[in-house]
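Step one of this worksheet: look at the structure below.
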Amino acid sequence: MSREIVNIQVGQAGNQVGEAFWRMLLAEHGLDDAGMYTGNDPQQIARAGVYFTQVDSDGPSKYVPRSVQVDLESGVCNRLRSGPLGQLFRPDTYFTADSGAGNNWAKGYYTEGAELIDGILDIIRRQTEATEALQGFQIIHSLGGGTGAGLGSLLLSKLREEYPDRMLSTFSVLPAPNVSETVVEPYNSLLSIHQLVDNCDLTICIDNEALYDIAVRTLKIKSPSYKDLNQLISKVMCGVSTSLRFPGQLNGDLRKLGMNLIPFPRLHFLMPSFAPFYDPKARTFQRLSVPELTSSLFDRKNLLVASDPRFGRYLTAACIFRGKVSSHEAENSVAQLQRKNSNLFVEWIPDNVSVSLCSVPPVGQPQAAIALANSTCIQELFKRNLDQFALMFKRRAFLHWYTGEGMDIMEFTEAESNAQDLISEYQQYQEASVEEEEQEVEAEDEQ
Ligand code: GDP
């Protein structure tokens, strides 16, 4: 039996990234654009039930995504409906409106989005009722706009209320100055982080700044489009969900992933990395050795978040090798990397890097490796956001757009201090050593 996940894609980025994700997922499971199985490897389809509902009518089974597509504008979803995946999604799993959120978080969370939330929850409920053992939800959204960020945050808190014992995870696209569309993105994004900290179990951070750099520097794309960036995201999304979707010795689920990667509930912001990224037009394609794949995973050039792991410490990490890789070799090369860079891994969580294998490689590559890391260096990302937020907030710039939707300025102040606290928590664990911990615990015990 597969433990099912319900995917919810919200807003422009959510639906565009979602489309790229589903396309790659189809290819990995041997399904065509209409969800019909055309592959010949039983491993491909054995656990497809995690993301797809198998519908048996008279003919062969059709695999239908367990997904809800939400937007406050209809343009992006209309393109999805009329595009190559037009036959794939159930027509009654779209929820669109024409009000728009105008890149305003308050419209998504308090006004336009809030008015429609019950209808959206009805669609989600229908999806969950059809499952046998729901493991949880994944939301795909951006944090810089109004719909994915504001309405996405509202959805999280409603789901938390209605499904308190299910895992809530997000793939959250963080804004970047070089791919930015509006000046208020730092506001929208920090308000979202404020919500994610408290209402989400597991956030996989995707940073447009890092994607842009990978596209330009490694893939040699002169001016990358969203399509190019989303292609990269989908590789990583498929990568991190491999142990959920394919049979393997670890047979993971979202809770197990969270259990291994998240030592403290608020510090659940994970950095994905992928190797090898390569220029598809380059003539020579070099097959990397397992140690090379491993070191790439821990190299900032392969991270989807623009921060440098050398300035932080890893609390935990999970590595997944895909294709023909021996488990002995994978475990050895990870252990060796950890030994060589022991100062980068906290010593008070023994065995904090897990290794798993999946024999099914990604489509078009003989092998690949993916990691999800919980590193204290992610605080750089929050600092970048907080600095941009604080510059405008000090002068109360653009606030009338938010207060005009009934939002209280206090919420901005709370978001700011929650982000400051988060940064200092990461810093505290970055500096913590085994000895200090022991002293602290003893002091606490004595009290
Ligand atoms: P919404 O529809 O109101 O949720 O707004 P958007 O999703 O357009 O949010 C704007 C933010 O998302 C900005 O930071 C954009 O750079 C980013 N963004 C929009 N579309 C895409 C996309 O297709 N891919 C990626 N990676 N980022 C996007």
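The values are calculated or read from the model by the stated rules, or taken from the named source; none is laboratory data. Only a predicted model underlies this, so the values are computations on that prediction, with no experimental measurement involved. Positions of Cβ are generated from backbone atoms using ideal geometry, with glycine treated the same way; all protein chains shown enter the neighbour counts.
Just a few scattered comments:
The rows are residues; the columns are (1) assigned to a helix (DSSP H, G or I); (2) within 17 Å of Gly148 (Cα to Cα); (3) within 16 Å of the ligand (Cβ to nearest atom).
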{"site": "Gly49", "(1), (2), (3)": "yes, no, no"}
{"site": "Leu88", "(1), (2), (3)": "no, no, no"}
{"site": "Phe95", "(1), (2), (3)": "no, yes, yes"}
{"site": "Gly113", "(1), (2), (3)": "yes, yes, yes"}
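Matching residues to (1) at positive phi; (2) over 24 Å from the mean Cα position of the chain (by Cα); (3) buried (at least 23 other Cβ atoms within 10 Å of the Cβ):
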position: Ile8; (1), (2), (3): no, no, yes
position: Val17; (1), (2), (3): no, no, yes
position: Asp32; (1), (2), (3): no, yes, no
position: Tyr37; (1), (2), (3): no, yes, no
position: Phe52; (1), (2), (3): no, no, yes
position: Gln69; (1), (2), (3): no, no, yes
position: Val76; (1), (2), (3): no, no, no
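- The condition (being hydrophobic (A, V, I, L, M, F, W, C), within 20 Å of the chain's Cα centre (by Cα), more than 13 Å from the ligand (Cβ to nearest atom) and assigned by the TED database to the domain that holds Pro224) is satisfied by just one residue among Leu159, Leu143: Leu159.
- Every condition in (1) away from the ligand (no atom under 16 Å from the Cβ); (2) touching a residue at least 24 places away in the same chain (Cβ under 8 Å); (3) not in a loop (DSSP other than H, G, I, E, B) is met by Ala133 except one, and the failing one is (3).
- Residue match in the stretch 266-288 (condition: assigned by the TED database to the domain that holds Ile45, surrounded by 14 or more Cβ atoms within 10 Å (Cβ to Cβ), closer than 18 Å to Asp213 by Cβ and among the basic types (Lys, Arg)): no
- Checking each residue in the stretch 198-247 for being more than 10 Å from the ligand (Cβ to nearest atom) and assigned to a loop (DSSP other than H, G, I, E, B) picks out Cys200, Asp201, Leu219, Lys220, Ile221, Lys222, Ser223, Ser241, Phe246, Pro247.
- Residues of the stretch 357-392 classified as under 21 Å from the mean Cα position of the chain (by Cα) and among the acidic types (Asp, Glu), total: 1
- Filter result for Ala13 (out of contact with any strand residue (DSSP E or B) (no Cβ under 8 Å at 6 or more places or on another chain) and surrounded by 17 or more Cβ atoms within 10 Å (Cβ to Cβ)): no
- On the stretch given as the stretch 351-361, residues that are in contact with a Phe, Trp or Tyr (Cβ under 9 Å, 6 or more places away or on another chain) and within 19 Å of Trp22 (Cα to Cα) total 1.
- All of Glu380, Glu405, Glu411 fail the test of being surrounded by fewer than 22 Cβ atoms within 10 Å (Cβ to Cβ), assigned to a helix (DSSP H, G or I), in contact (Cβ under 8 Å) with a residue 24 or more places away in the chain and touching a Ser or Thr at 6+ places or on another chain (Cβ under 7 Å), apart from Glu380.
- Any hit, the stretch 101-111, residues being at pLDDT 95 or above, in the same structural domain as Ser169 (by the TED database), more than 11 Å from the ligand (Cβ to nearest atom) and surrounded by fewer than 24 Cβ atoms within 10 Å (Cβ to Cβ): yes
- Every condition in (1) over 17 Å from Gly11 (Cα atoms); (2) over 23 Å from the mean Cα position of the chain (by Cα); (3) modelled with pLDDT under 95 is met by Ala133 except one, and the failing one is (2).
- Restricting Asn341, Asn352, Asn374 to residues that are in contact with a helix residue (DSSP H, G or I) (Cβ under 6 Å, 6 or more places away or on another chain) and assigned by the TED database to the domain that holds Lys281 narrows the list to Asn374.
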